[in-house]
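The values are calculated or read from the model by the stated rules, or taken from the named source; none is laboratory data. As the structure is a prediction and not an experimental result, all values here were calculated from the model. Glycine gets a Cβ as well: all are built from the backbone with ideal geometry, and neighbour counts include every protein chain shown.
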Amino acid sequence: MTAIVRRRREELTIRMQDLAAAEQEFAFAAPEWFRIALPSLRQRLESDWFKRINPGFVSVSIEEMSRAWKSGLPPDLVPFCLEPQLEHIDYYCFHLALTVCNTEIVVFADHSIVHSWKNINAFLRWLEIE
């Protein structure tokens, strides 16, 4: 797992072209609220402060998305960041089935949702204090 962190450390950003490539590769459409929030999300994730206190937190590549779904991430969760832990990986995801779960952002770890935020603004606030 450290190879993921080492390889992606300088590439913490989530770029619109990366999102578009993933949408095309896996045939999903990111919610409009995620697209709108992307600049704010990038700003927080790229801050020196955040990188210093969360050194393992990285954006997800297309290959890592595929690996996450193959290892049990439900297909209605789309990972955009990950954070390696000792025995598993925490995937930060947005929900494609928002009407079902009424939650926008979740953390999926080791076969279950372990944390959630009702909206992107709550998640962005959490990033500021985390």
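Just a few scattered comments:
- Residue count for the range 111-130 satisfying the condition of being at pLDDT 85 or above and either over 18 Å from Trp33 (Cβ atoms) or assigned to a loop (DSSP other than H, G, I, E, B) (or both): 7.
- Subset of the range 15-60 [touching a Pro at 6+ places or on another chain (Cβ under 6 Å) and over 13 Å from Pro79 (Cβ atoms)]: Gly56
- Residue in the range 87-98 that is surrounded by 18 or more Cβ atoms within 10 Å (Cβ to Cβ), modelled with pLDDT under 90 and touching a Lys or Arg at 6+ places or on another chain (Cβ under 7 Å) present: no
- Selected residue (criterion: farthest from Ala22 (Cα to Cα)) from residues of the range 51-72 that are of a type in the set (A, V, I, L, M, F, W, C) and crowded, with 19+ Cβ neighbours inside 10 Å: Phe57
- Whichever residue in the range 53-76 is of a type outside the set (Lys, Arg) and in a helix (DSSP H, G or I) and, among such residues, is farthest from the chain's Cα centre (by Cα): Ile53
- Qualifying residue in the range 23-40 (condition: crowded, with 16+ Cβ neighbours inside 10 Å, over 12 Å from the mean Cα position of the chain (by Cα), at pLDDT 85 or above and more than 20 Å from Trp117 (Cβ to Cβ)): no
- Flag for Ile4 being at pLDDT 85 or above and part of a helix (DSSP H, G or I): no
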